[in-house]
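The values are calculated or read from the model by the stated rules, or taken from the named source; none is laboratory data. Keep in mind the model is a prediction, meaning the values are calculated, not measured. Because the Cβ atoms are built from the backbone with ideal geometry, glycine has one as well, and the counts that use them run over all protein chains shown.
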Amino acid sequence: MIKSICFVASTLPASFIRLKAESLGIEKVIVMSKPLFQSYMALKHTHPTVKIVLVPSGLLFGNLYLFFMLLFLRVNNKKIVFFHECCCPIFDIFIKIIRPNGMFFPQVTMSGFEEVSYNFFPKGKFKSFLGILNIDNLFKYYRGSAVGSEVPEFAVSTKGYPDSIQTYGQVYTRNLISSIVESNQYKREIIFLVGKSMVDDDYQIGVYKELICIALAHKFKCYIKNHPNPIYRLNIDTNNVVFMDPLVPVELLYDSFSLVVGTSSSGLLNFGSRAVSLIDLMHEMTAEDVIYLKNHFYSTDPLNSINFIQDVKSFETIISGIQD
């Protein structure tokens, strides 16, 4: 078997890597930040021989590491496996230059972002770098909606990879996860995937606290799992719940949950009909943002079975129907 190395820029691929590490011959998982390093260390519980490697800090050393890592794979006939749709354009440029063999498993689409022109993209070192080298036409440029009090997020996505990279669709990943999502035995437990969304933080916290009170009254053990990225965390403080380590991807937790509740977390897509989204329950969210967030879910997995509840009574009906 040809060995491979994974490169990750988020926690989204964690479940996929856990399921495919052996069949893809994954030796290492290369991560871009210390929080991601901590997150992917949880993978070693099921795959102790897989090495988790942090890219060296500093722009120069980090980029040199990526370049020579890809060159090493090309020379030694190993594969690069990666997942990001955006987030690391320098990696994409190196892929185009070095042309290693590899596989690209996109986890989501960019439909949750508005495509903008290069001229509209914010000024900065990266934009200047693309302009100086006259390679701005290699990418598409996107702007996201503001989340909470944060400014809108901008991202770039490559227009394509060389023929040496085999590209799979999101459907492949979603079908793989769906095939095992309903196979466990579940306990009387509910996990809430909380994080900032396109609605006021205090309003969202109030909704979560109300649902948690209902769940506790129905004798469910409740867990709160905050967003891995600190800037998107929701500062919720409530009693009689278990707070999970926010850095551990929900995809790598032992899955014993009867219900998984969140607003716009992509993690909901990993739990089939046990997933409950509160997008329609956040009545202060604009109709435009509701459509925007739902499109994100359905563009990633058109056949997803997330429950989009519209009121608290619907939540109580769902948990009342869960048998011990």
Surrounded by fewer than 23 Cβ atoms within 10 Å (Cβ to Cβ), at pLDDT 95 or above, farther than 22 Å from Gln170 by Cα and among the aliphatic types (A, V, I, L, M): is that true of Val248 in this structure? no
Considering residues of segment 303-324 that are touching a helix residue (DSSP H, G or I) at 6+ places or on another chain (Cβ under 7 Å), among the β-branched types (Val, Ile, Thr) and not in a loop (DSSP other than H, G, I, E, B) only, the residue surrounded by the most Cβ atoms within 10 Å (Cβ to Cβ): Ile319
Which ranges mark the strands (runs of 3 or more DSSP E) fully within segment 55-121 that have 3 or more residues being more than 26 Å from Leu176 (Cβ to Cβ)? 114-116
Out of the residues in segment 95-115 that are more than 17 Å from Thr167 (Cα to Cα) and within 23 Å of the chain's Cα centre (by Cα), which is surrounded by the most Cβ atoms within 10 Å (Cβ to Cβ)? Phe113
Could you say which residue among Val260, Val248 is closer than 23 Å to Thr317 by Cβ, in contact with a helix residue (DSSP H, G or I) (Cβ under 6 Å, 6 or more places away or on another chain) and outside the structural domain of Thr173 (by TED's automatic domain parsing)? Val260
Within segment 269-288, residues surrounded by fewer than 23 Cβ atoms within 10 Å (Cβ to Cβ) and assigned to a helix (DSSP H, G or I) come out as Gly272, Ser273, Ala287, Glu288
Of those in segment 237-265 that are under 28 Å from Ser145 (Cα atoms), charged (D, E, K, R) and assigned to a loop (DSSP other than H, G, I, E, B), the residue farthest from the chain's Cα centre (by Cα) is Asp237
Looking only at segment 156-182, and only at residues there that are surrounded by 16 or more Cβ atoms within 10 Å (Cβ to Cβ) and modelled with pLDDT of 85 or more, the one that is farthest from Ile135 (Cα to Cα): Ile165
Reported set for segment 204-222 where residues are surrounded by fewer than 19 Cβ atoms within 10 Å (Cβ to Cβ) and not in a helix (DSSP H, G or I) is His218, Lys219, Lys221
Please specify each residue of segment 72-94 satisfying the condition of being surrounded by fewer than 17 Cβ atoms within 10 Å (Cβ to Cβ) and either aliphatic (A, V, I, L, M) or closer than 10 Å to Ile165 by Cβ (or both). Val75, Ile90
